[in-house]
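I have placed the structure first, in the form of structure tokens, so that the comments after it can refer back to it.
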Amino acid sequence: MAAIPMLSPANRTSFASPPRRLFSCGFVGESNFFGSKFPQRILSFSTKKIRAERSGPARGSAMDPTRASHSFDVVIIGAGIIGLSIARQFLLHSDLSVAVVDKDVPCSGSTGAGQGYLWMVHKTPGSDIWELSIRSHKLWELLAESIQEQGMNPLEVLGWKKTGSLLIGRTLKESDTLKRRVNQLVEAGLSAEYLCSSDLLLKEPAVMVEKEGGAAFLPDDCQLDARRTVAFIRKANEVFASEGRYAEFFNDPATLLLRSGNTGEIEAVQTSKNILYRKKAIIVAAGCWSGSLIHDLLRNSDVVLDVPVKPRKGHLLVLENFNFLQLKHGLMEVGYANHEVTAQHTTSSASGDQGQALSISMTATMDTMGNLVLGSSRQFSGFDTNVDEYILDHIWERARVFFPSLKELPLNDFTRSREVRVGLRPYMPDGKPLIGPVPGFSNLFLATGHEGGGLSMALGTAEMVVDMVLGNPGKVDYAPFAVQGRCV
């Protein structure tokens, strides 16, 4: 039988790890996690061995008769915030059954390494991602409100805080840019104001800029804890396991995608232990690994598709129970939005030393545990996730430019009370995520390339994908995110 190629050894590391058992949930309850009633129709999925009477042979590698076969309406590859949110959307707004597959466990990738901000202050009205960002922001607010209406505390459940955000400039040129941005945001219907340096000091006493500086302030911007949020979404998804509509296959990497011998359509996802047949759709939401997966899938087909998503490494420095500085808002400097290159850094990689254009911009938040979270760096260094002390030193030095109380504190004093988060953002060259069907395969969808905006755009992306699969009218224009024409 002809095979869709298995992942190459170089790429298999992205998906390969020891298998984990099929998730089985005994949790049953009537608690309404998302503000809408659970569907009552019960759908089951098959756990029988592979049967010869399937419609035409699947084209793939020789099948292991001991490998369990399961059937779902939708199979999602990727258990980050995007993949789990898509699963949630299907479970709540359809009667479809869903399986989520991942080489690892939730929050092991860029989702768990993020800062957790849901900010509009650095977004540009009228840009291609504006509608999706606005829609997602609204959906996050509705989720927080529904949690509160059910008698729960969004702060405890999601780490949700409406802190407001400050986009800070230090020069006259940056202040002029911020004034224009505030006007744009107000015209787009958001609550926003420009703060001169003295007003900024009153709003956030820990920050100091020169007289020429200032800030754009958005009081409705929020932040949350990505790990708490993922745990909450998973718990709500797991309720549907008792109805036979949800299953998780973690530490069970996708190794092969099987095509129908009759139609040529993608028919199933083969993992290290299972074959997961799809009735309706397969969705690849594997972050920066999505391109490698799709590349291997289409290698011997007549469809040529190079998905240009690639990893963009980032560091965050978390100082635990930090008492030397308290922040009331989320902060970000203007340079973060512009991705300004601040240094040329030489790093060691498997292919030898190489120069990396390094961008470091000040971002700062206080999380729900009272930890100071400082960032942020951007660089292209392949799939390397090693901690780089050079970058941490520069994040600290950049923070000291804005926070005078840090200037006399050496970073080495906090070695025992720090956490370093390193993540690989799924970068797209044009700055827009890929969301939609893969050309030539109507039942294969991509949802990737959000870079640092995966958390903030997750709920809007999930809504968009589900509407596409179900054929519903879109709430947001699909065209800017189409796969067609952006992958060659």
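Which of the peptides 470-476, 124-130, 159-165 is most tightly packed, and how do the rest follow, going by the mean number of other Cβ atoms within 10 Å of each residue? The partial results should precede the final answer.
Details: 470-476: 12.1, 124-130: 15.4, 159-165: 20.9.
Top to bottom by mean Cβ count within 10 Å: 159-165, 124-130, 470-476.
What ³J(HN,Hα) values, in whole Hz, does the Karplus curve 6.51 cos²θ - 1.76 cosθ + 1.60 give for the stretch 140-146 when θ = phi - 60°, with x put for Gly and Pro?
5, 4, 5, 5, 4, 5, 5
Could you check how much of the accessible area of the stretch 230-269 is carbon and sulfur, as a whole percent, using a 1.4 Å probe? Please report the intermediate quantities before stating the final value.
On the way: 350 of 880 Å².
The C+S portion of the solvent-accessible surface of the stretch 230-269 is 40 percent.
Quick one: divide the alpha-carbon radius of gyration of the stretch 419-483 by 2.2 N^0.38 Å and tell me what you get.
1.20
Report the Cα centroid-to-centroid distance between the stretch 245-292 and the stretch 409-475 in angstrom, as an integer.
Distance between centres, Cα-based: 19 Å.
Can you run phi through the Karplus equation (6.51, -1.76, 1.60; θ = phi - 60°) for the stretch 195-206 and list ³J(HN,Hα) in whole Hz, with x for Gly and Pro?
Each residue's phi maps through the Karplus curve to give 10, 6, 4, 5, 5, 4, 4, 5, 6, 9, x, 6 Hz.
How far is the Cα center of the stretch 192-226 from the Cα center of the stretch 134-190, in Å?
13
List every residue whose amide H lies under 5 Å from the amide H of residue 271, counting only residues 5 or more places away in sequence or on a different chain, with H placed 1.01 Å from N in the peptide plane.
Those lying under 5 Å, H to H, from residue 271 are 255, 276.
Hey, can you grab everything whose amide H is under 5 Å from the amide H of residue 440? Only 5+ residues off in sequence or another chain; H modelled, so Pro and N-termini drop out.
Residues meeting the amide H criterion: none.
Going down the table (179/407; 279/313; 162/313; 279/432; 211/328; 328/475), which pairs top 32 Å between alpha carbons?
Working: 179/407 29 Å; 279/313 36 Å; 162/313 28 Å; 279/432 29 Å; 211/328 22 Å; 328/475 34 Å.
Those over the limit are 279/313; 328/475.
Obtain the nm distance between the two label points defined at residue 304 and residue 390 by a simple spin-label model: each point lies 7 Å from its Cα along the Cα-to-C-beta direction.
Label-label distance for residue 304 and residue 390, simple model: 3.8 nm.
Would you please calculate the Kirkwood hydrodynamic radius of the stretch 112-163 over all C-alpha pairs and express it in Å, rounded to one decimal? Before the final figure, lay out the partial values.
Details: mean 1/r = 0.0810 Å⁻¹.
About 12.3 Å, per the Kirkwood formula over Cα pairs.
Kindly write out, for the stretch 467-478 in residue order, the coupling ³J(HN,Hα) from the Karplus curve 6.51 cos²θ - 1.76 cosθ + 1.60 (θ = phi - 60°), rounded to whole Hz, with x marking Gly and Pro.
Karplus values, whole Hz, x for Gly and Pro: 4, 4, 5, 7, x, 7, x, x, 7, 10, 4, 6.
What per residue convex hull volume, in Å³, comes out for the stretch 135-246 when only alpha-carbon positions are used? All intermediate terms of the calculation are to be shown ahead of the outcome.
Numbers: hull volume 14.7 nm³, N = 112.
Expressed per residue, the convex hull around the Cα atoms of the stretch 135-246 is 131 Å³.
Name the GluC sites (Glu not before Pro) in the stretch 140-242 that are in a loop by DSSP and that have at most 12 other C-beta atoms within 10 Å, would you?
Values: sites: 141, 145, 149, 156, 174, 187, 193, 210, 212, 238; in loops: 210, 212.
For GluC sites (Glu not before Pro) across the stretch 140-242 that sit outside H, G, I, E and B with at most 12 neighbouring Cβ atoms in 10 Å, the list reads 210.
Please give, to one decimal in nm, the separation of the simple spin-label points placed at residue 127 and residue 193, each 7 Å out from Cα toward the Cβ.
For residue 127 paired with residue 193, the spin-label model returns 2.5 nm.
The values are calculated or read from the model by the stated rules, or taken from the named source; none is laboratory data. Worth saying up front: this structure is predicted, and the values here are computed from it rather than measured. All Cβ positions, glycine included, derive from the backbone under ideal geometry; neighbour counts span all protein chains shown. SASA here: full protein model, heavy atoms, side chains in, ligands and nucleic acids out. Shrake-Rupley method; radii C 1.70, N 1.55, O 1.52, S 1.80 Å.
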